[in-house]
Amino acid sequence: MALRAIVAGVGSRGRDWVREIRASESYELVGCVDTEPQALQEAFQHKTDFQPPCFTSLDAALQESGCEVVIVATPADCHFETCRLALSKGKAVLVEKPFTLQLSQAVGLVSLARQQGVPLLVAQNYRYLRSFRTARLLIREGRLGRVGLVIFQYYRVPHEMAQSLARLTHSVLWGVGVHHLDSLRYVLGSKVINVLAESFTLPWGELPRGASLQVMLSLDDGARAVYAATYESSGHEFFERGQEFYARFVGERATLHIFQRWLLLCEKGKLPRLIRRGARKITEEQVLLGQLERAIEGIEVPDSSGEDNLETVAIVEACVNSANEKRWVNPQELLNEK
């Protein structure tokens, strides 16, 4: 029998989840929630297929829909309360990134999910992109040898941000940075033990505070990483919809480059060669929905669990603290304090 699911928050990401649930044979969409009636109207005004029951109150949706699963796609500053209410009612939860805006909140939700005996997943879908999956596999197979240095760079042209993101300080960190930092630790399989971050907006920039970011990271296996991201990179509006991404993994035996969707492996004494990423049989969202289904059935512990994502939340909080206090911060110490 299909799992009955509701989507809380029907902005652009929430509408993605509506589509993914409808595409899955394992789930049935039984409701959508948004505090703005207009958002609910706009979400389905061009739809010709079945429109689910719509609610402006999550509490009402939980009582009336008979759901077993809640997909949380509300603005980031609403994640904690939305997850807390759903978990307290014994519902399985899949929450969009960022998990929460504070590590203490994330720790509390993980504890609540454990008490209630229900799965809690975080939709860190970037870690399942084919490029990152392939990089992780190559590193685990030892093709690069020990990895000593990683560089991630992300550029996007100035654009109008969603209001929910624009009102947050360190906007690029909460927007795309959390994706990349999660992917970095996931690909390497190591823990970040020190962070130095600077969050800023360019002198001529018109975007909200923290539209650019640079971070240095130390990992427990001795590797170092450098991450830079900006929403203020001009001049490439017509390339890849105004977005560029580059990564370099420097190992003992080889260096792996990722540029957009292309992977180039440069091994010692060999000519550089392109690496195939493998087929994308299902979307990253379907990967997460599959994990949630198997967790509900008690078949496996989800890879993208809330507990696993505490490491990512700690890294992001370390970036915030470092940027505010202008000092190195150890994410592991933040976790130990909680």
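The values are calculated or read from the model by the stated rules, or taken from the named source; none is laboratory data. Given the structure is predicted, the values throughout are model-derived calculations rather than measurements. For neighbour counting, all protein chains shown are included, and Cβ atoms are generated from backbone atoms with ideal geometry for every residue, glycine included.
Of Asp303, Asp308, all but one fail to be in a loop (DSSP other than H, G, I, E, B) and charged (D, E, K, R); the exception is Asp303. For Arg277, the conditions (1) more than 25 Å from Gly210 (Cβ to Cβ); (2) part of a helix (DSSP H, G or I); (3) touching a residue at least 40 places away in the same chain (Cβ under 8 Å) all hold with the exception of (2).
Contact map, the stretch 316-338: residues that are within 16 Å of Ala225 (Cβ to Cβ) paired with residues that are acidic (Asp, Glu) and assigned to a helix (DSSP H, G or I), Cβ distance under 9 Å, separation 6+ or inter-chain. Pairs shown: Val316/Asp182; Ala318/Glu333; Val329/Glu317; Pro331/Glu311; Pro331/Glu317; Gln332/Glu311. Exactly one residue out of Glu333, Glu244, Glu300, Glu317 is farther than 16 Å from Val195 by Cα, among the acidic types (Asp, Glu) and surrounded by 12 or more Cβ atoms within 10 Å (Cβ to Cβ), and it is Glu244. Note on the stretch 229-258: residues that are in contact with an Asp or Glu (Cβ under 8 Å, 6 or more places away or on another chain), at pLDDT 90 or above and under 26 Å from Phe200 (Cβ atoms) total 1. Exactly one residue out of Phe249, Phe238 is without any contact (Cβ under 8 Å) to a residue 12 or more places away in the chain and either crowded, with 22+ Cβ neighbours inside 10 Å or of a type outside the set (Lys, Arg) (or both), and it is Phe238. Screening the candidates Val187, Val150, Val195 for the property of being crowded, with 17+ Cβ neighbours inside 10 Å, touching a Cys at 6+ places or on another chain (Cβ under 7 Å) and more than 29 Å from Ala39 (Cβ to Cβ) yields one hit, Val195.
Look at (1) crowded, with 23+ Cβ neighbours inside 10 Å; (2) touching a strand residue (DSSP E or B) at 6+ places or on another chain (Cβ under 9 Å) and you find that Gln124 fails only one, number (2).
Of all residue pairs spaced 6 or more apart or on separate chains, those with beta-carbon atoms under 9 Å, a first member in the stretch 126-153 that is in the same structural domain as Val178 (by TED's automatic domain parsing) and closer than 14 Å to His180 by Cα and a second member that is modelled with pLDDT under 95 and among the polar types (S, T, N, Q) are Ser131/Gln260. Output the number of residues of the stretch 116-151 satisfying the condition of being of a type in the set (D, E, K, R) and assigned to a loop (DSSP other than H, G, I, E, B). Number of matching residues: 3. Do we have any residue at all in the stretch 156-169 that's under 19 Å from the mean Cα position of the chain (by Cα), at pLDDT below 95, crowded, with 19+ Cβ neighbours inside 10 Å and not in a strand (DSSP E or B)? Checked against the condition, which is being under 19 Å from the mean Cα position of the chain (by Cα), at pLDDT below 95, crowded, with 19+ Cβ neighbours inside 10 Å and not in a strand (DSSP E or B), the stretch 156-169 yields at least one hit.
Here Gly205 clears all of (1) small (Gly, Ala, Ser); (2) within 24 Å of Leu121 (Cβ to Cβ); (3) modelled with pLDDT under 95 except the condition numbered (2). Scanning the stretch 56-92 for residues that are in contact with a Leu (Cβ under 8 Å, 6 or more places away or on another chain), free of Cβ contacts under 8 Å to residues at least 60 places away in the same chain and not charged (D, E, K, R) yields a count of 9. Return yes when Glu68 is acidic (Asp, Glu), within 25 Å of Pro302 (Cα to Cα) and surrounded by fewer than 24 Cβ atoms within 10 Å (Cβ to Cβ) and no when it is not. When the stated conditions are applied, Glu68 passes them.
Val195 satisfies every condition listed in (1) part of a helix (DSSP H, G or I); (2) not assigned by TED's automatic domain parsing to the domain that holds Trp17 except (1). Exactly one residue out of Leu109, Leu101 is part of a loop (DSSP other than H, G, I, E, B), aliphatic (A, V, I, L, M), in contact (Cβ under 8 Å) with a residue 40 or more places away in the chain and in the same structural domain as Gly9 (by TED's automatic domain parsing): that is Leu101.
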